[in-house]
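Participant: I'd like to ask you about the structure that follows.
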Amino acid sequence: MATPHISANKGDIAESILLPGDPMRAKYIADTFLTDVVCFNEVRGMLGFTGMYKGKRISAMGTGMGIPSISIYATELMTQYGCKNLIRVGTCGSLRPEIDLNDIILAQGACTDSAVMERLFPGTYAPIADFELLKAAYELAIERGIKPHVGLVKSGDTFYNDYALEGADRWVLHGVLGLEMEAAALYMLAARYSAKALAICTVSDSVLHKNELSSDDRERSLNNMITIALDVAASLA
């Protein structure tokens, strides 16, 4: 039952799946946190794995960068492989001075300027996270002494765009916490296919202060995000 982008057979992918943009981060999740791991996809280098975490079957797969890429993989995962709980684990840029590098943002909702969304809707659609996943992630973070920022992110179509950064103050004025590239599409598609979705982002750089994490700091901070996501997924598996 392979799709054009995923070579897995029916049953190879768990209902709960973590979705990093980077396929090598999916491999890192599998190698570091899962046991009894099986690689279910290598098509186009977009690695996908299924294994066990705390006695629960969990998958992790890369999605690539941007709304078009995550839309392809999320659609196939939900419609062809029965994925019900999709958790994006990615990085974002902070838009606010009180949000530091290494902080975690739980995306309650996702604004976007994507032309993809404009083509799909005759009006303005408001993509939001699943409340059960959001609540579980927030409570787990608090239990671990991590104070996550909960609110809006902006999912953009471009990474290098000086004009968009010049207009960032308008997003800040309306409560947007950070910039990323995938959450809006994930939330919209999950709603369409009656699934649950959440984006958890680690702040890897600051748009305001022009600084970013080193490679070592990035790895340490990502582990906090990944373990929260895994525990949320395990609670639903």
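The values are calculated or read from the model by the stated rules, or taken from the named source; none is laboratory data. What you see is a predicted model, and the numbers here were worked out from it, not measured in a lab. Note: ideal-geometry Cβ built from the backbone for every residue, glycine included; neighbour counts use all protein chains shown.
Participant: Looking at 69, 59, which one is buried (at least 20 other Cβ atoms within 10 Å of the Cβ), within 20 Å of residue 200 (Cα to Cα), of a type in the set (S, T, N, Q) and within 19 Å of the chain's Cα centre (by Cα)?
Facilitator: Unique residue meeting the criteria: 59.
Participant: Let me ask something else about it. Just a yes or no: is a residue in region 19-42 closer than 23 Å to residue 128 by Cβ and surrounded by fewer than 21 Cβ atoms within 10 Å (Cβ to Cβ)?
Facilitator: yes
Participant: Kindly list, by first and then second residue, each pair from a residue in region 2-22 that is more than 23 Å from residue 91 (Cβ to Cβ) and modelled with pLDDT of 95 or more to a residue that is among the polar types (S, T, N, Q) and not in a strand (DSSP E or B), limited to pairs with Cβ atoms under 8 Å and residues at least 6 apart or on different chains.
Facilitator: Filtered contacts from region 2-22: 6/80.
Participant: Provide a single number: the residues in region 116-134 that are over 19 Å from residue 171 (Cα atoms), in contact (Cβ under 8 Å) with a residue 24 or more places away in the chain and part of a helix (DSSP H, G or I).
Facilitator: Qualifying residue count for the region: 5.
Participant: In addition: Can you tell me which residue is farthest from residue 204 (Cα to Cα) among those in region 83-115 that are of a type in the set (Ser, Thr, Tyr) and in a strand (DSSP E or B)?
Facilitator: Applying the filter and picking the extreme gives 112.
Participant: (1) in a loop (DSSP other than H, G, I, E, B); (2) modelled with pLDDT of 95 or more: which one isn't true of residue 32, the others all being true?
Facilitator: Evaluating residue 32 over (1) in a loop (DSSP other than H, G, I, E, B); (2) modelled with pLDDT of 95 or more leaves (1) as the failure.
Participant: Also, I was wondering about something else. Name the pairs whose Cβ atoms lie under 8 Å apart, with the first residue in region 193-215 and closer than 24 Å to residue 134 by Cβ, the second surrounded by fewer than 18 Cβ atoms within 10 Å (Cβ to Cβ) and β-branched (Val, Ile, Thr), and 6 or more positions between them or separate chains?
Facilitator: Between residues of region 193-215 that are closer than 24 Å to residue 134 by Cβ and residues that are surrounded by fewer than 18 Cβ atoms within 10 Å (Cβ to Cβ) and β-branched (Val, Ile, Thr), the close pairs are 193/75; 193/79.
Participant: Can you confirm whether residue 11 is in contact with a strand residue (DSSP E or B) (Cβ under 9 Å, 6 or more places away or on another chain) and part of a loop (DSSP other than H, G, I, E, B)?
Facilitator: no
Participant: Name every residue in region 134-164 that is loosely packed, with under 15 Cβ neighbours inside 10 Å, at pLDDT below 90 and not charged (D, E, K, R), in order of residue number.
Facilitator: Listed by number, the residues that qualify are 158, 159, 160, 161, 163.
Participant: Could you look through region 215-234, keep only residues that are small (Gly, Ala, Ser) and modelled with pLDDT of 95 or more, and pick out the one that is nearest to the chain's Cα centre (by Cα)? Full working, then the answer.
Facilitator: Quick first cut of region 215-234, residues small (Gly, Ala, Ser) only: 215, 221, 229, 233-234.
With the extra rule that they be modelled with pLDDT of 95 or more, the set shrinks to 229, 233-234.
Values: 229: 10, 233: 13, 234: 16 Å.
In this case the residue turns out to be 229.
Participant: Looking at 59, 71, which one is in a helix (DSSP H, G or I), among the small types (Gly, Ala, Ser) and in contact (Cβ under 8 Å) with a residue 24 or more places away in the chain?
Facilitator: Working: 59 fails: in a helix (DSSP H, G or I).
From the options 59, 71, the qualifying one is 71.
Participant: Answer yes or no as to whether residue 54 is farther than 27 Å from residue 127 by Cβ, modelled with pLDDT of 95 or more, surrounded by 18 or more Cβ atoms within 10 Å (Cβ to Cβ) and among the basic types (Lys, Arg).
Facilitator: no
Participant: Now, a different point. Determine if region 81-96 includes at least one residue that is more than 26 Å from residue 49 (Cβ to Cβ), within 18 Å of the chain's Cα centre (by Cα) and surrounded by fewer than 22 Cβ atoms within 10 Å (Cβ to Cβ).
Facilitator: Within region 81-96, not a single residue is more than 26 Å from residue 49 (Cβ to Cβ), within 18 Å of the chain's Cα centre (by Cα) and surrounded by fewer than 22 Cβ atoms within 10 Å (Cβ to Cβ).
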